[in-house]
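Scroll down for the structure; my scribbles are underneath it.
Every read-out reported here was derived from the displayed coordinates using simple, explicitly stated rules and does not represent laboratory data. From a predicted model like this one, the values you see are computed outputs, not experimental measurements. Virtual Cβ from ideal backbone geometry, glycine too; neighbours counted across all protein chains shown.
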Amino acid sequence: MELQSITTHRIDAEDRLVYTDDGWREFAIDNHYSLFYEQHLMGYTLWSFISDKTLIHLYQSLLHCVRLARKPAKTRYRCDSPGVLREFEMTIRPLENGGAEFENRLIRISKRPMIRLLDIFAPRGPEWVTMCSRCKAIKTPGGWQELEQAALELSLFQSDPLPEITHGLCEACYEVMLEEIETFKEAG
Ligand SMILES: [Zn+2]
């Protein structure tokens, strides 16, 4: 399936998901999210789709600034599939009704060897590993490591069953997002 390089979703003034375009839908299907996402996801708050509390807090701060300043802000994140690295730039625009529009633009895509850890159908055991919600880095005993590097070095990625993924936010992403928010505020 040829995926759209730009997808859009919108929330209302209470942060509830109220609209997704066809591209967003195709992307969701390609990533094996529920085909019935529209019935299941519409009306839920945006924050129920993000598992890390710190990332939620940072996104909420940025969104608050966007609504207050009535101008768009940009940030980045990764949303990979097992064999493809994908980096997105997200533009958050305020809407007249107090809601906001999120435009997700694919800015980097590259095929790489399959990383089974990202295969949502692979069986999971009692072990778990922490992944950064924003950049997909993996927390290792020696600190946060890029996903591809961690996949090469950590034998647990080849283990059967695979570890469960829990989500966090790495220090680098925390710093970057704080900086983005501060820069946005300073720009007035
Ligand atoms: Zn990160």
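Quick one: if you stick a label point 7 Å off each Cα along the C-beta vector at His167 and Tyr19, how many nm between them?
2.4 nm
Hand me the chymotrypsin sites (Phe, Trp or Tyr not before Pro) from region 92-188 located in a DSSP loop with no more than 15 other Cβ atoms within 10 Å, in residue order please.
Sparse-neighbourhood loop chymotrypsin sites (Phe, Trp or Tyr not before Pro): Phe121.
Can you give the angle from 0 to 90° between the axis of helix 171-186 and the longest principal axis of the chain, with both taken from C-alpha atoms, to the nearest 10?
For helix 171-186, the angle is close to 10 degrees.
By how many nm would the segment from Ser159 to Tyr44 lengthen if fully extended, with 0.36 nm per residue of separation less the alpha-carbon distance?
37.9 nm
Karplus couplings for region 74-87 from phi (6.51 cos²θ - 1.76 cosθ + 1.60, θ = phi - 60°), rounded to Hz, Gly and Pro as x?
After applying 6.51 cos²θ - 1.76 cosθ + 1.60, I find 10, 8, 10, 7, 10, 9, 8, 10, x, x, 9, 8, 9, 10 Hz.
Quick check for region 6-186: number of Lys pairs with alpha-carbon distance under 24 Å, counting only pairs 8 or more apart or on different chains?
9
Could you tell me which of rounded, prolate or oblate describes region 6-186, using a ≥ b ≥ c as the square roots of the eigenvalues of the alpha-carbon gyration tensor, with rounded for a/c under 1.5 and, failing that, prolate when a/b is larger than b/c and oblate otherwise?
prolate
Enumerate the amide H contacts of Thr140 below 5 Å, restricted to partners 5 or more residues apart or on another chain; note that Pro and chain-start residues carry no placed amide H.
Gln145
What does the helix-only formula give at 222 nm for the chain: each DSSP H stretch with n ≥ 4 adding -39500 (n - 2.57), the total divided by the residues, and the result rounded to the nearest 500 deg cm²/dmol?
That comes out to -8500 deg cm²/dmol.
With θ set to phi - 60° and the Karplus curve 6.51 cos²θ - 1.76 cosθ + 1.60, what are the ³J(HN,Hα) couplings of region 136-145 in order, to the nearest whole Hz, using x for Gly and Pro?
Computed from phi, the couplings for region 136-145 are 6, 5, 10, 7, 10, x, x, x, 6, 10 Hz.
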